[in-house]
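Colleague: Following this message is one structure expressed as structure tokens.
The values are calculated or read from the model by the stated rules, or taken from the named source; none is laboratory data. All figures in this text were calculated on a predicted structure; none of them were measured in a lab. Neighbour counts are summed over all protein chains in view; Cβ atoms, including those assigned to glycine, are modelled from backbone coordinates with ideal geometry. Protein only, heavy atoms only, side chains kept; ligands, DNA and RNA dropped before computing areas. Shrake-Rupley method; radii C 1.70, N 1.55, O 1.52, S 1.80 Å.
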Amino acid sequence: MATLSVPAALPDVAEDVEQLHKAFSGWGTNEELIITILAHRNGYQRKLIREFYQETYGEDLLKTLDKELTSDFERAVHLFTLDPPERDAFLANEATKKFTSSNWVLIEVACTRSSEDLFNARRAYHARYKKSIEEDVAQHTTGDFRKLLVALLTSFRYEGPEVNTHLAKSEAKILHEKISDKAYADDDLIRIIATRSTAQLSATLNTYNNEYGHAITKDLKEDPKDDYLKLLRATVKCLTCPEKYFEKLLRLAINKMGTDESALTRVVTTRAEVDMQRIKEEYYRRNSVPLDHAIAKDTRGDYEKMLIELVGSENA
């Protein structure tokens with residue numbers, strides 16, 4: 001059997017693989033050992049573990065995890081173990097198959113990832129599903145939803161800090177005019193939101209606030225029951241203050257009658273290595289309860305342990 005070369009800087013990968021294999025062996029699965037290893041390895045290390053596991057045992061680690069684990073715990077481990085581009089492709093594909101007007105997974109993938117991350121997710125989608133994410137989205141959506149989502153998912157935003165104040169003022173005026181006319185899917189409105197850098201867009205929205213006396217999201221609440229406007233507000237929030245968007249998603253997932261494990265798992269696994277600290281701070285500011293305490297109150301067993309490890313204890 002061919003042997004994968006493990007970089008000298010990562011001498012524990014072979015040991016991790018051996019320990020994971022032991023966790024699946026014998027009577028019962030050692031879930032605690034799985035959490036101890038996978039929840040404390042970065043993306044590069046997890047990728048090496050998957051490759052080395054395949055080389056050593058001739059098995060796909062993800063398939064083994066799916067076979068050995070169950071329910072919400074299995075999904076949390078599976079999602080976190082995936083490479084971020086693979087994970088986004090997987091989540092996006094799920095979202096296109098069961099798209100509803102309140103399904104914002106596609107907005108999260110399009111608007112809270114870097115341009116490079118989004119590009120890599122689209123490439124991973126090609127490799128895994130043998131088609132593009134935009135053609136699947138276009139197939140499963142219609143009208144204004146399709147127009148907005150395809151534009152966002154195919155964008156490659158500039159990520160520099162430069163801001164053109166004259167452009168910000170002129171585009172704030174365009175946005176205000178289109179919203180005043182209830183032209184929420186106007187080409188120019190979608191063009192501005194889907195293509196401008198986050199720095200430029202933030203400047204435009206700040207100008208909008210200063211010029212017209214309130215935030216653009218307030219004007220997008222003209223009809224609170226309009227699902228497209230909800231999606232448009234989520235887009236603006238994801239682009240300009242993702243920690244507030246994810247805080248609200250977590251709050252609703254935890255506080256509703258019966259925990260929304262799907263949303264809770266998705267947010268924790270996708271943001272654990274990105275901006276979880278900011279999300280935790282925002283959650284505490286908004287709810288006066290540490291996020292890990294809220295999760296511990298609403299979840300149980302190995303699922304709870306996995307999420308707490310990814311979020312980080314308040315006392316850590």
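Colleague: Determine, yes or no, whether Leu205 is open to solvent by less than 70 Å² (accessible area, probe 1.4 Å), modelled with pLDDT of 95 or more, under 24 Å from the mean Cα position of the chain (by Cα) and under 26 Å from Asn287 (Cβ atoms).
Modeller: yes
Colleague: Let me ask you something else. Which ones in segment 255-281 are among the acidic types (Asp, Glu), under 17 Å from the mean Cα position of the chain (by Cα) and modelled with pLDDT of 95 or more?
Modeller: Taking segment 255-281 and keeping what is among the acidic types (Asp, Glu), we get 260-261, 273, 275, 281.
From what's left, under 17 Å from the mean Cα position of the chain (by Cα): 260-261, 273, 275.
Glu273, Asp275, listed by residue number.
Colleague: Looking at (1) within 19 Å of Trp104 (Cβ to Cβ); (2) in a helix (DSSP H, G or I), can you tell me which one Asp223 breaks?
Modeller: Here Asp223 clears every test but (2).
Colleague: Name the residue that is farthest from Ile308 (Cα to Cα), counting only residues in segment 22-37 that are assigned to a helix (DSSP H, G or I) and touching a helix residue (DSSP H, G or I) at 6+ places or on another chain (Cβ under 6 Å).
Modeller: Filtering first and then ranking leaves Phe24.
Colleague: Among the residues of segment 67-82, are any basic (Lys, Arg) and either within 28 Å of Tyr184 (Cα to Cα) or buried (at least 16 other Cβ atoms within 10 Å of the Cβ) (or both)?
Modeller: Taking segment 67-82 as the starting set, the residues that turn out to be basic (Lys, Arg) are 67, 75.
Those left that are additionally either within 28 Å of Tyr184 (Cα to Cα) or buried (at least 16 other Cβ atoms within 10 Å of the Cβ) (or both): 75.
Within segment 67-82, one or more residues are basic (Lys, Arg) and either within 28 Å of Tyr184 (Cα to Cα) or buried (at least 16 other Cβ atoms within 10 Å of the Cβ) (or both).
Colleague: Might you let me know whether segment 292-313 holds any residue that is open to solvent by 50 Å² or more (accessible area, probe 1.4 Å) and outside any helix (DSSP H, G or I)?
Modeller: For segment 292-313, residues open to solvent by 50 Å² or more (accessible area, probe 1.4 Å) and outside any helix (DSSP H, G or I): present.
Colleague: Can you tell which of Asp260, Asp181, Asp186 is out of contact with any Gly (no Cβ under 9 Å at 6 or more places or on another chain), of a type in the set (Asp, Glu), open to solvent by 70 Å² or more (accessible area, probe 1.4 Å) and free of Cβ contacts under 8 Å to residues at least 12 places away in the same chain?
Modeller: Asp181
Colleague: Here is a further query. Filtering segment 26-55 down to residues that are open to solvent by 50 Å² or more (accessible area, probe 1.4 Å) and of a type in the set (Ser, Thr, Tyr), which residue is nearest to the chain's Cα centre (by Cα)?
Modeller: Residue satisfying both the conditions and the ranking: Tyr44.
Colleague: Looking only at segment 271-291, how many residues end up being polar (S, T, N, Q), closer than 23 Å to Arg113 by Cβ and either outside any helix (DSSP H, G or I) or open to solvent by less than 10 Å² (accessible area, probe 1.4 Å) (or both)?
Modeller: Matching residues across segment 271-291 total 0.
Colleague: Restricting attention to segment 136-178, and to residues there that are among the hydrophobic types (A, V, I, L, M, F, W, C) and assigned to a loop (DSSP other than H, G, I, E, B), which single residue is surrounded by the most Cβ atoms within 10 Å (Cβ to Cβ)?
Modeller: The selected residue is Val163.
Colleague: While we're on this one: Tell me which residues, restricted to segment 180-211, are out of contact with any Pro (no Cβ under 9 Å at 6 or more places or on another chain) and among the hydrophobic types (A, V, I, L, M, F, W, C).
Modeller: Residues satisfying the conditions are Ala183, Ala185, Leu189, Ile190, Ile192, Ile193, Ala194, Leu201, Ala203, Leu205.
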